[in-house]
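**Student:** Following this message is one structure expressed as structure tokens.
The values are calculated or read from the model by the stated rules, or taken from the named source; none is laboratory data. Computed from a prediction, not measured in an experiment: that's the story for all the values here. Cβ coordinates were reconstructed from backbone atoms using ideal geometry, including for glycine residues, and neighbour counts include every protein chain displayed.
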Amino acid sequence: MAFDKIKNALGLKTTQKALTLTDPSAFELFGASPTSSGFSVSANSAMRVPAVSCAVALISESVGTLPVKLFTEAKEATKDHPAYRLIHDEANEWTSASELRTALTADALLNDRGGFAQVVRLGDGTPFEMHRLDPATVTPKLEADGTPYYVVKLTAGDARFEYQDILHIQPFAGVSPITLGREAIGLSLAFEQHIATLFANGGRPSGIIKSDKALDVDAKKKIAASWFSTHSGKSAGGTAILDEGMSYDQLSLTLADAQFAENRLEQIREIARAFRVPPTMLFELSRGTWSNTEELARQFYQTTLRPWLASWTWAYAKVLLTPEERTSLYIEFVIDDLLTTNAAAKATAFAQYRAMGALTGNEVRAALNKAPLPDGNSLSNPNITTMTPTTQSKDETE
């Protein structure tokens, strides 16, 4: 019966043949999916690929280092609320808020379950600390009405937590980028192993040893063993001494001929697509220029970071603010430093909107995450000075 349920979950009818250990569907049951290249892709193996490591660090550290604040509807920071300390300063005594965001975002990038943190509350329900949980110990579940809850494996046994007490950061569609891009990552691992083996054997293709006289099998084995022991690995590049009319012809095949280098670059681009990161930000600069690199930096925020920041603001609000507080307070990332590459154009646009009366001074300040000013609600152009007519004397008029 239990096995029938497993087969039904895989979309198989009970009349079909039983699963074998080599069936790809069977691997799915154990959380492992083999790739066409023959490499098993997991969080640990994927992070050995420099492009994956760079993408994970880029996204998670960008999310972690951006300041987060709690604002009122009037765009004023609410520093006296207990949530402000947890999102801006420290998650607990030994973990900063930045470190927790970085760790949970990395968890969501590397496993399908996402990243989790437990919210520790005081007796009156006030949030006091947040602690990261190992994703392997957390199982998200749903009530009959769709309300989520979580089962966490603790030392004393399984414990149930309501959704208000678990900060949960989920990857897109509940599937991590390393799962979606496992074929590209597996191929990158294959390339890395191939080139490592190539350089271990001298960093050049194999050659042919020719002899003027016929050699028996034992003689050929001895010559090959002697050659490999003295002219491969650390001994590569030494002077070869051949006798009895022997000669060595090196094959002319090179990495460029096999387009090996271009294939490696294409794998970086594939991994960049899986993580939705501009390739230039993974240091693949073959198609990068000064102008499009600056544009891609803005796209990094719009296409890569923005969905993660939206997930974080809602996850924070769900566990740190009550439904009543969410009507008057909101959590926001301050992205000014991220968009400094376009600061000049941004300032010019604001100046034009302000001059044409499309924005007030306070609306501009709100866009810059600044508090409003008492006299900042006027739409008049501050660059135009209104002249007050003065009374001329009788002598001046004559």
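**Student:** Would segment 265-280 turn up any residue that is assigned to a helix (DSSP H, G or I), at pLDDT 90 or above, charged (D, E, K, R) and under 26 Å from Glu99 (Cβ atoms)?
**Tutor:** no
**Student:** With the checklist (1) in contact with a Phe, Trp or Tyr (Cβ under 7 Å, 6 or more places away or on another chain); (2) small (Gly, Ala, Ser); (3) buried (at least 18 other Cβ atoms within 10 Å of the Cβ) in hand, flag the one item Ala117 doesn't pass.
**Tutor:** (1)
**Student:** Only one residue in Thr65, Thr72 is over 18 Å from Pro171 (Cα atoms), in contact (Cβ under 8 Å) with a residue 60 or more places away in the chain and polar (S, T, N, Q), so which one is that?
**Tutor:** The conditions single out Thr72.
**Student:** Looking at segment 21-89, what helices (runs of 4 or more DSSP H) fall wholly within it and have at least 3 residues that are modelled with pLDDT of 85 or more?
**Tutor:** Output list reads 43-46, 50-65.
**Student:** Test Ala136 against the stated conditions and say whether it is part of a helix (DSSP H, G or I) and either at pLDDT 90 or above or in contact with an Asp or Glu (Cβ under 9 Å, 6 or more places away or on another chain) (or both).
**Tutor:** yes
**Student:** Filter segment 118-133 down to the residues that are among the acidic types (Asp, Glu) and within 13 Å of Thr95 (Cβ to Cβ) and list them by number.
**Tutor:** Glu129
**Student:** With respect to Asn369, determine if the residue is surrounded by 11 or more Cβ atoms within 10 Å (Cβ to Cβ) and modelled with pLDDT under 80.
**Tutor:** yes
Quick grid of which residues meet (1) at pLDDT below 80; (2) surrounded by 11 or more Cβ atoms within 10 Å (Cβ to Cβ); (3) farther than 25 Å from Ala103 by Cβ:
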position	(1), (2), (3)
Tyr301	no, yes, no
Ala315	no, yes, no
Leu321	no, yes, no
Ala347	no, yes, yes
Arg354	no, yes, yes
Thr386	yes, no, yes
Gln392	yes, no, yes
